[in-house]
Amino acid sequence: IMRTNITARHCDIADELRARTTAVVERLAAQVTRPVDATVVFDVVAQASTCEIRLLGSRGEQFIASGEDQDHRSALDRAEEKIRRQLEKAGAGVRRGRGARDAV
């Protein structure tokens, strides 16, 4: 069971954004073998909204990405894009479809 922590620093986030964040984290975690922990931090720095996503796998794999934009939803989308690229590059620690395992 993966723990998910969503934190807002120096700002408040709506329940709708919190629900969207949970959905994004679940999509990303589905690509990691046995995800253990996910942390998402929303913040406001110098008039810009930021979002940082940290995803930890059971074998110690860490995926960390941050995004910045005018609003938190867009910042979340940017961080998701970055962490998705990291997951694609990692390849070996990422879940693959059934055929990939059988095709060895």
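Overview of values
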quantity	calculated
Helices (runs of 4 or more DSSP H) contained entirely in the chain, each with at least 1 residues that are at pLDDT 95 or above and not small (Gly, Ala, Ser)	15-29, 72-90
Test: residue 23 is among the small types (Gly, Ala, Ser) and touching a strand residue (DSSP E or B) at 6+ places or on another chain (Cβ under 9 Å)	no
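Matching residues to (1) touching a residue at least 40 places away in the same chain (Cβ under 8 Å); (2) closer than 19 Å to residue 91 by Cβ; (3) touching an Asp or Glu at 6+ places or on another chain (Cβ under 9 Å):
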{"site": "4", "(1), (2), (3)": "no, no, yes"}
{"site": "12", "(1), (2), (3)": "no, no, no"}
{"site": "19", "(1), (2), (3)": "no, no, no"}
{"site": "31", "(1), (2), (3)": "yes, yes, yes"}
{"site": "38", "(1), (2), (3)": "no, no, yes"}
{"site": "44", "(1), (2), (3)": "no, no, no"}
{"site": "51", "(1), (2), (3)": "no, no, yes"}
{"site": "75", "(1), (2), (3)": "no, no, yes"}
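The values are calculated or read from the model by the stated rules, or taken from the named source; none is laboratory data. Since we're looking at a predicted model, the values are computed, not measured. Counting neighbours? That spans all protein chains shown, and the Cβs are built from the backbone with ideal geometry, glycine included.
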